[in-house]
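The values are calculated or read from the model by the stated rules, or taken from the named source; none is laboratory data. Fair warning: this is a prediction, and the values are worked out from it, not measured in the lab. Cβ placement follows ideal geometry from the backbone for every residue including glycine, while neighbour counts extend to all protein chains displayed.
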Amino acid sequence: MNDKKLTAKQYLDQLRVIDTKINQKTEELADLMTAATSTGAIDYSKDRVQTSPQNAQENRICKYVDLDAEINREIDEFVDIKHRVTKEIQELNVDYYIKILFKVYVQFKTVKDAANEIGLSYQYVRDLHKKALKAFEELHTDLHYLT
């Protein structure tokens, strides 16, 4: 684990990174499922019996099961981290700061989308976003890597 102190933006952006990694592993899992369930072509021209395709399929199934368990563990951890970060954002006690940081860093929306949903101008929300990050950093002075 790295002990480097992070900015509020770096700290909050970690949620998106964790989410991206889980999504990529989920795509990999889908590919493994396809590989594990495909039987492949059978070559009847050969006289000898080979057991390696069965072993290969068993290996693919084992890899699938292992990756599925890994993803489930990471999702559980992600839910806990997301909840912790949400609570940290809510400690700001400034309505717009909470709304903006939650939409941008927990719901993964753009600042522009957050402005539209909140009903404020994009420029004003950009300014509030900067202030919210500064306030978050001042409140949480020891920001480190989440995982």
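A few points about this structure:
- For the residues ILE71, ILE75, ILE89, ILE100, the requirement of being assigned to a helix (DSSP H, G or I), touching a residue at least 12 places away in the same chain (Cβ under 8 Å), surrounded by fewer than 16 Cβ atoms within 10 Å (Cβ to Cβ) and of a type outside the set (Lys, Arg) singles out ILE75.
- The condition (being at pLDDT below 95 and either over 24 Å from the mean Cα position of the chain (by Cα) or aliphatic (A, V, I, L, M) (or both)) is satisfied by just one residue among LEU128, LEU146: LEU146.
- Scanning the stretch 117-128 turns up no residue that is among the hydrophobic types (A, V, I, L, M, F, W, C) and in contact (Cβ under 8 Å) with a residue 40 or more places away in the chain.
- Residue that is surrounded by the fewest Cβ atoms within 10 Å (Cβ to Cβ), among those in the stretch 115-147 that are in contact with a helix residue (DSSP H, G or I) (Cβ under 9 Å, 6 or more places away or on another chain) and among the polar types (S, T, N, Q): GLN123
- Residue list for the stretch 26-54, filter: at pLDDT 60 or above, outside any helix (DSSP H, G or I) and either of a type in the set (Gly, Ala, Ser) or within 25 Å of the chain's Cα centre (by Cα) (or both): SER38, GLY40, SER45
- Of all residues making up the stretch 94-107, the number that are within 24 Å of the chain's Cα centre (by Cα) and farther than 14 Å from LYS9 by Cβ: 5
- Top-ranked residue of the stretch 55-93 - restricted to ones that are within 22 Å of THR141 (Cβ to Cβ) and β-branched (Val, Ile, Thr), ranked as farthest from the chain's Cα centre (by Cα): ILE89
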